[in-house]
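Presented below is the structure to which this report refers.
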Amino acid sequence: MKHLFQLVRPLNLIIIGFTMYSTRIFLYLYELQFNASIFQKSGEELDFFLMVFSTLLIAAAGNMINDYFDVRADRVNKPEKLIITKHVKRRVAILNHWILNLIAFSIAVYLSVRNNSFWYVFIHLLSINALWFYSLYFKRRPFSGNLIVASLTALVPILCGVHFYVHHQLPPIENITFSNNLNYWIYHLTSKGNFIWILAIFAFLSNISREIIKDIQDKSGDVLLNAKTIPILYGTRKSKWLAAIFLMLSPIFFTTLFFGKYSSQFPLSTNVGIFLPVILAFIVDLIALVILYKARTRKKLKQSDFLIKISMLLGLILPFYWLLFI
């Protein structure tokens, strides 16, 4: 049981859950376009918890299947952390993977039926399949694997926005089809859920940088799988430059949009204190960038990867920080 628990990477699951509840708090406090009454709506809190829980189950199952297909590479890249075949049998891992996905999808079906919305089933089914095909095939292809993981990470806050618009009483539209319903929701999310998109793009840029750095770390093992990752195709030096570009874009984008949108809501004298986590995230990303530039060993690459995680956490604690600060 201990090794199964390690296999799902509980720290990553905590970060995902933290992200979703952080987004919930921010929407409640600052996105005035949302109707605050939805937070008192009967069953909304339970629905949100179930959505978070099902998302964590899918992420846990994705971590399992990723390690399931990576056994050969992990024997070279990180033999000290090898769990499947060493502590957990392959059939046990794949069985638990399907059980977790089945529970998560069942919750999504329940939420979709209860709220008369196809979105829960659509996003959950998309995520389950994307993680399977990523682990099976796309992880060993250039760019596509990195884009899939970064996009799924960005989808987490977007799912929160979808949930609140499902519970929000939007005006009805005539002749509802999948196409115009999709366009309708996209319009409302893009026109009102500004924070959602800021956080989603920040998560996308940060994670695509992390994924490239991880590919550099795993280059030796990936060669055994005949993988065609960015470092294998273009070399470590060019890969580091590409990761650095995304890493630079991430804090620049995040701080510029955040200050641009929300600084006017607070007195100038309190702006530094109000945005302290964002400022710290920017500084940490710069440190990660310097370490990445100088990195010549796997240890240094891990340090850069770790600092990017810290930067993301600093951005995510902003709603909780504001809750205490203001």
Say the cut-off is 26 Å between C-alpha atoms; which of 86/294; 78/238; 89/300; 89/238; 219/294; 89/240 go over it? 86/294; 89/300; 89/238; 89/240
From the Cα gyration tensor of segment 204-252, with a ≥ b ≥ c the square roots of its eigenvalues, which class applies: rounded if a/c is under 1.5, or else prolate if a/b is larger than b/c, or else oblate? prolate
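Out of every Cα pair in segment 50-152, what percent are spaced more than 22 Å from each other? Don't skip to the end; give the middle numbers.
On the way: 1898 of 5253 pairs.
The share of Cα pairs beyond 22 Å in segment 50-152 comes to 36 percent.
With the Cα gyration tensor of segment 277-326 giving a ≥ b ≥ c as the square roots of its eigenvalues, does the rule (a/c under 1.5 for rounded; else a/b larger than b/c for prolate; else oblate) give rounded, prolate or oblate? List each step's numbers first, then the result.
On the way: a/c = 5.90, a/b = 2.87, b/c = 2.05.
Prolate, since a/c reaches 1.5 and a/b exceeds b/c.
Provide 112, 135 in ascending order of the number of other Cβ atoms located within 10 Å of each residue's Cβ, fewest first. Show your work: numbers first, answer last.
On the way: 112 18, 135 22.
Lowest count first: 112, 135.
Counting other beta carbons within 10 Å of each Cβ, put 117, 22 in order, fewest first.
Numbers: 117 18, 22 22.
By the 10 Å Cβ count, ascending: 117, 22.
Take 211, 45 and order them by how many other Cβ atoms sit within 10 Å, fewest up front.
Details: 211 23, 45 12.
Placing the least packed residue first, the sequence is 45, 211.
Each value in this text was obtained by applying a stated rule to the coordinates, not by laboratory testing. Note that the structure is a prediction, hence the values are computed from the model and not measured. Counting neighbours? That spans all protein chains shown, and the Cβs are built from the backbone with ideal geometry, glycine included.
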